[in-house]
Each structure stands twice: as C-alpha cells, then as structure tokens.
Amino acid sequence: MAEAFRALREEDKTQVELAELYKEEGNQWIKKGTKKDYNEAYTRYTHALTFMDKADQARADGTEAKSDSTADLKMIRSQILSNRALASLNIANYGSCCRDCDAAIVLWFENIKAHYRKCKALLMLKKYTECIAACNVALTVDASNKDLVKFRLQSETELQSRIKSKEDSLQRTLTELTTKWNAVWEIAATVRVSLGYPLYAMPEPREMRDLWVQVDTAPGESESTIRWPVLLQYPQYGTYDVLSAAGVEDMLVDHLATAFP
C-alpha cells in the first residue's frame, strides 16, 4: 500500500518536482532527531539528487520542458547537497559532510548553510588550519555570523595550543637528549676518547636510539668499566648488527665471534 501510495503521489510530476519531494521527505526525517532518522534523511536526499541528475539529462535531451532556469536548478541541487551534509554531520560522518558542502558551495557560493556545516565538520575533525580558512571564506558571505566567528576563534585557540604542546614536547626531548649526550661526552673525556660525528649516508638504526654509554661492573670483573653501544655495519649487504654494551677494553674479535659463530 505504501508503494502504491508513493506511485500515485509521484504520478505526473517532473524530475525536479520529484527531487523537491524527496528533499522535503529528508527534511522531515532530519527533524525527528535520531541516528536512524538521519540515515533515512541521507537516503532521501540521495534519491533527490538522482532525480536532479535525471532532470539534467532530460533537459539535455530535450525531453523535458526547460521551465526552470539553470541557476534555479543549481540552487536546488546545492540545497539538497547541503541538507545531506547536515545528515552526515549529525551522524559524525564529517568527511562526507565536507565533500557535500564543497559541491554545494561550487554550485551556489552564497549557500551559507553549506559554509557553516563545512566549518563545523572541519572543527570536529580538528583540521584547525582548514577550518580557519573555511570560516574566512564563509564570513565573506555573512560577516555577522556569530557561529562562524566562534568556530574560527576556537580553531585559532586549539591550533596555538597544539603548536605550543608540540614545542614543549620537542624542548623536553632536546633537554633529555642534551643531558644524556653531555654525560656521554664527560665519560669519553675521562678515558681520552674523541667522539666524531655519524655519517649521514649511513643513518643510525632505530635499535641504537635508546642505547647509551654506561659504567658498571660485569660478572667476574673487579672494577667498573665503561660500556659502549657498538654498531657493526655491512654496507655491501645493507645490514648491520648492534652490540648493546661492549666494554672499552674488550677485544673486537670476541664480539665478532658472537656475531658470527
């Protein structure tokens, strides 16, 4: 019965009228406010866009009267895309929301709802730089829109916080590394070892990054000794071995015997 009623209601309507019909159905689903309703709305808007595609094709073929101007059709399609973006926004499908908003804005730049929804989706995605740029564009359409100003301010605040957090983290890492390397240099100086610089053509492997010079007493030893991380590289084969702690008095051949039993 539902299908029969729908067929009767759609009888003798143009493709554009059918698109408007499905758009209105989508609007009614949006108003209900649950995730299921938003998904239903998304489906209705998608059907509406399908009818708009058919309308464009019919106009191109000359099989449907061109009663609506091209500008009007673009505006209708823009509204449908913007509404579908709202459905996506409400179910946290922010990427889809942005894509529909972009398409809506291309068709009708003054569609402030599409601008608004795109800015909100970008903010939710934490794409602060893009959100600020989008807000600046949107404010050229509606300079007094307080929500857009709020989105821009929030993005600027979050972006500065992220930058500061990253700078603080880098500073902590630099301080930690500086402290460790100063200790290494002091140990080297006590045994009159001159430390050179690594060859950039042969980068240090990840396994070496947390290995540091240490002073300890190994089993069977009576005195403490300095132990170094040692890297054995084989450039011709593109491989290497890492010795986590080799005593400065050790014979290299003993470690080679371990590496190549």
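The values are calculated or read from the model by the stated rules, or taken from the named source; none is laboratory data. Model, not experiment: these values are computed from the prediction. Cβ: placed from backbone, ideal geometry, glycine included. Neighbour counts: every protein chain shown. Each accessible area value is taken on the protein alone, full model and side chains, heavy atoms only, with ligands, DNA and RNA left out. Shrake-Rupley method; radii C 1.70, N 1.55, O 1.52, S 1.80 Å.
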Item checked: Sites matching trypsin sites (Lys or Arg not before Pro) across segment 110-174 that sit in DSSP coil, with at most 15 neighbouring C-beta atoms within 10 Å -> LYS126
Check: How large is the helix-only mean residue ellipticity at 222 nm for the chain, computed as the sum of -39500 (n - 2.57) over DSSP H runs with n ≥ 4, divided by its residue count, in deg cm²/dmol to the nearest 500?
Finding: -21500 deg cm²/dmol
Note to self: Among SER161, TRP108, SER96, which residue has its Cα furthest toward the positive end of the charge dipole of the chain, with +1 on Lys/Arg Cβ and -1 on Asp/Glu Cβ?
What the structure shows: TRP108
Checklist line | GNM result for the chain, Cα springs below 10 Å: residue of THR14, THR178, THR43 fluctuating most strongly | finding: THR178
Note to self: Restricting to Cα pairs below 8 Å that are 6+ residues apart, what does the relative contact order work out to for segment 23-137? Please round to a whole percent.
What the structure shows: 20 percent
Notebook entry, point to check: Roughly to the nearest percent, how much of the accessible area of the chain is carbon and sulfur, given a 1.4 Å probe?
Noted result: 55 percent
Item checked: FRET E, pair ASP102, ARG172, Förster distance 30 Å, beta-carbon r, rounded to 0.05 -> 0.15
Note to self: For a quick check of understanding: with a 1.4 angstrom probe and all protein chains in place, what accessible area in square angstrom does HIS115 have, to the nearest ten?
What the structure shows: 10 Å²
Notebook entry, point to check: Any idea how far apart THR50 and ALA257 come out in nm if each label point goes 7 Å out from Cα toward Cβ?
Noted result: 7.9 nm
Margin query: If I ignore ligands, DNA and RNA and count only protein heavy atoms, how much of VAL242 is accessible to a 1.4 Å probe, in Å² to the nearest 10?
Written below: 50 Å²
Notebook entry, point to check: Once you charge only the Cβ atoms, +1 for Lys and Arg and -1 for Asp and Glu, what is the size of the charge dipole of the chain about its Cα centre, to the nearest 20 debye?
Noted result: 1160 debye
Next item on the list: Give LYS126/LYS150; LYS32/LYS54; LYS31/LYS118; LYS13/LYS54 a once-over and call out the pairs whose C-alpha atoms are over 24 Å from each other.
Entry: LYS32/LYS54
Margin query: Given points 7 Å out from each Cα along the Cα-Cβ axis, report the THR190 to TYR240 separation in nanometres with one decimal.
Written below: 2.7 nm
Notebook entry, point to check: In µm²/s, what is D for the chain at 10 °C and 1.306 mPa s, where D = kT/(6 pi eta Rh) by Stokes-Einstein and Rh is the Kirkwood radius from Cα pairs?
Noted result: 64 µm²/s
Note to self: At 7 Å along Cα-to-Cβ for each site, give me the label-to-label distance between ALA143 and GLU158 in nm.
What the structure shows: 2.7 nm
Notebook entry, point to check: Full extension from LEU232 to GLU249: what is 0.36 nm times the residue separation minus their Cα-Cα distance, to one decimal in nm?
Noted result: 4.4 nm
